[in-house]
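Take a look at the structure below.
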Amino acid sequence: MSRREVSPLSDVHVRGSGIVGPVKGLRIHRRRALELLPQRLHRYLAEQIDLDDWYPMEDHLELLRALIEVVPLAGPRQVEDPWRWMGVLTADFDLVEVYSTTVQRGDPRGTLLKLPENWRLYHDAGELTTAATGEHEGRLDVRDFRFTTDEYCRLLTGYFTEALRLAGARDAAVRCQSRGEDRACWEAGW
């Protein structure tokens, strides 16, 4: 399913390595996933995901919505917001298993400044910029990215918070400060 072979539902794409996790989760709950997913997305449950290829961001969001519906949201952490929880799980996988060099152990500030590298690995549009605004504070901005939906902003809030926690921040707090049509920004403290 290369970008050239899929009908473009949008001009924004996510790398296959970013959707393989949700797809695996949905395959475990295949029957329920088939009920929840639109027919056009059923192929994800049968075809192999090319980790280096690009897939429509709209598909990614639909896969995540279905996954949130089929996966029990219980565990050691109280789940108040399933989208933030999904961001935490995504960061745990991405930053521990796949791109562990992003996390600067013992250095939340250094980790914050490395996060734009990860954005480019997973997204073919938009730009993430980060800045340290104080000794234990920072700012994250996503620009020129059409999918600044409430859901995706909450997912990114969980992702950014978990990245800082993995770096050793004890009281990481990331808050979405504004969200527009193609832009979102967060304030972070640790």
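The values are calculated or read from the model by the stated rules, or taken from the named source; none is laboratory data. Only a predicted model underlies this, so the values are computations on that prediction, with no experimental measurement involved. Backbone-built Cβ (ideal geometry, glycine too); neighbour counts: all protein chains shown.
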Can you name every residue in segment 110-144 that is at pLDDT 95 or above, assigned to a strand (DSSP E or B) and among the basic types (K, R)?
-> R139
Just a yes or no: is a residue in segment 56-78 surrounded by 15 or more Cβ atoms within 10 Å (Cβ to Cβ), modelled with pLDDT under 90 and either out of contact with any helix residue (DSSP H, G or I) (no Cβ under 9 Å at 6 or more places or on another chain) or part of a loop (DSSP other than H, G, I, E, B) (or both)?
-> yes
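Only one of R170, R105, R175 is in a strand (DSSP E or B), over 22 Å from M57 (Cα atoms), at pLDDT below 95 and among the basic types (K, R); which? Quick ask: steps written out before the conclusion?
On the way: R170 fails: in a strand (DSSP E or B); R105 fails: in a strand (DSSP E or B).
Selected residue: R175, the only one of R170, R105, R175 that is in a strand (DSSP E or B), over 22 Å from M57 (Cα atoms), at pLDDT below 95 and among the basic types (K, R).
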Residue check, E35 over 14 Å from F93 (Cβ atoms), out of contact with any strand residue (DSSP E or B) (no Cβ under 9 Å at 6 or more places or on another chain) and without any contact (Cβ under 8 Å) to a residue 12 or more places away in the chain = yes
